[in-house]
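Note sheet for the following structure.
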């Protein structure tokens, strides 16, 4: 398994010999609670994408689900001084091709008939969370026969749902931490909560089953706080996962699909070190708003044999879920060197300070080359069943 990407020759890069440069729709925003992080991710990609090789069409999805023409200036989508960017309604509506024989995207201006925007060769869907990363958007693109970066419908759905993800990973022989599921419905009976605490111990981590960016996650050290933590998680998802704490180092590993049917590649791992004086765990604020007290070490200071085990677990998780193109796998490394898979993220954050691009940078693949490789992987992939 390679720890770095094979550099692309000029002849292998999209647009190197084609007189018409591939058209990329950079798609971001969306209806989930991770709307702003999606915008920030898009800003990073818009800045990095090679405009000499690709034509770029920036399309935003508002919080209400409208597809609109968006500004492709990367600075417009940066997080600055705690201000979170947002896609606003521009009174335009962008329409995907209406059948598999079409490639043209159209725009509707208020009070006017639709106007063609030209063909789109590939979509880079930089959405996080439900209604974007969970297979719903991927299904829409599949119906239109449009190529896109990242995993397909099933892998995206499994990767989004922490419950189903853990079942698939465990069923593939990977070690996962102990957990329980609180299904959608009324507040759980106190006896049920008592059983969860007895089974898993304290502390616990309570999470929305289908959310990311650490939204709605609570660390519970006192059983009396469990009902409030479940209620907080349900603000993002009616289905909740309760996880036992795993004692170990928080380590992440990037996975990149192989070209031409080759095996997936794993980056060098990175480590998250959180100072408890600032944050009790790697929460939303620590990731995006207040990074004091948080150290992101790339590469992680791990023995070579542990690095190999982390990379092996990451690739196995990628293959178990059926991922394509891109994923970040988060694990715990215990004191005895065992690797416990926490989760897989099928569209990891791509902001300049996100771990996925930083891990590949440490592995010898810089940000623009990484974007280029992901687009190349998507363009070589057939449409339809695969």
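The values are calculated or read from the model by the stated rules, or taken from the named source; none is laboratory data. Being a predicted model, the structure only gives us computed values, none of them experimental. Here the Cβ positions follow ideal geometry from the backbone for every residue, glycine too, while neighbour counts run over all protein chains shown.
Remarks
Here is a yes/no grid of residues against (1) crowded, with 22+ Cβ neighbours inside 10 Å; (2) in the same structural domain as residue 134 (by TED's automatic domain parsing); (3) not in a loop (DSSP other than H, G, I, E, B):
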| site | (1), (2), (3) |
| --- | --- |
| 349 | yes, no, no |
| 352 | no, no, no |
| 357 | yes, no, yes |
| 360 | yes, no, yes |
| 371 | yes, no, yes |
| 374 | no, no, yes |
| 379 | no, no, yes |
| 382 | no, no, no |
| 386 | no, no, no |
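- Any chance residue 82 is out of contact with any strand residue (DSSP E or B) (no Cβ under 9 Å at 6 or more places or on another chain) and at pLDDT below 95: yes
- If the condition is being assigned to a loop (DSSP other than H, G, I, E, B) and within 18 Å of the chain's Cα centre (by Cα), then the range 134-172 contributes 134, 135, 149, 150, 151, 152, 161.
- Unmet criterion (only one of (1) under 19 Å from the mean Cα position of the chain (by Cα); (2) farther than 21 Å from residue 211 by Cα; (3) buried (at least 18 other Cβ atoms within 10 Å of the Cβ)) for residue 47: (3)
- Candidate set from the range 297-324 (those that are touching a helix residue (DSSP H, G or I) at 6+ places or on another chain (Cβ under 6 Å) and closer than 30 Å to residue 80 by Cβ); member that is modelled with the lowest pLDDT: 298
- Residue-level check: of (1) surrounded by 15 or more Cβ atoms within 10 Å (Cβ to Cβ); (2) out of contact with any helix residue (DSSP H, G or I) (no Cβ under 9 Å at 6 or more places or on another chain), residue 185 misses just (1).
- Considering 383, 346, the condition of being touching a strand residue (DSSP E or B) at 6+ places or on another chain (Cβ under 9 Å) and under 27 Å from residue 215 (Cβ atoms) is satisfied by 346 alone.
- Only one entry in 225, 237 is closer than 22 Å to residue 41 by Cβ and touching a strand residue (DSSP E or B) at 6+ places or on another chain (Cβ under 9 Å), namely 237.
- Test: residue in the range 149-169 that is touching a helix residue (DSSP H, G or I) at 6+ places or on another chain (Cβ under 7 Å), farther than 17 Å from residue 318 by Cβ and in contact (Cβ under 8 Å) with a residue 24 or more places away in the chain: no
- Qualifying strands (runs of 3 or more DSSP E) (wholly inside the range 208-266; at least 1 residues being surrounded by 18 or more Cβ atoms within 10 Å (Cβ to Cβ) and free of Cβ contacts under 8 Å to residues at least 24 places away in the same chain): 218-220
- Residue check for residue 374: over 21 Å from residue 294 (Cβ atoms), touching a helix residue (DSSP H, G or I) at 6+ places or on another chain (Cβ under 7 Å) and at pLDDT 95 or above: no
- Condition broken by residue 21, with the remaining ones in (1) modelled with pLDDT under 95; (2) touching a strand residue (DSSP E or B) at 6+ places or on another chain (Cβ under 6 Å); (3) crowded, with 24+ Cβ neighbours inside 10 Å satisfied: (3)
- Of the candidates 161, 89, the single residue that is modelled with pLDDT of 95 or more, within 20 Å of residue 209 (Cα to Cα) and surrounded by fewer than 23 Cβ atoms within 10 Å (Cβ to Cβ) is 161.
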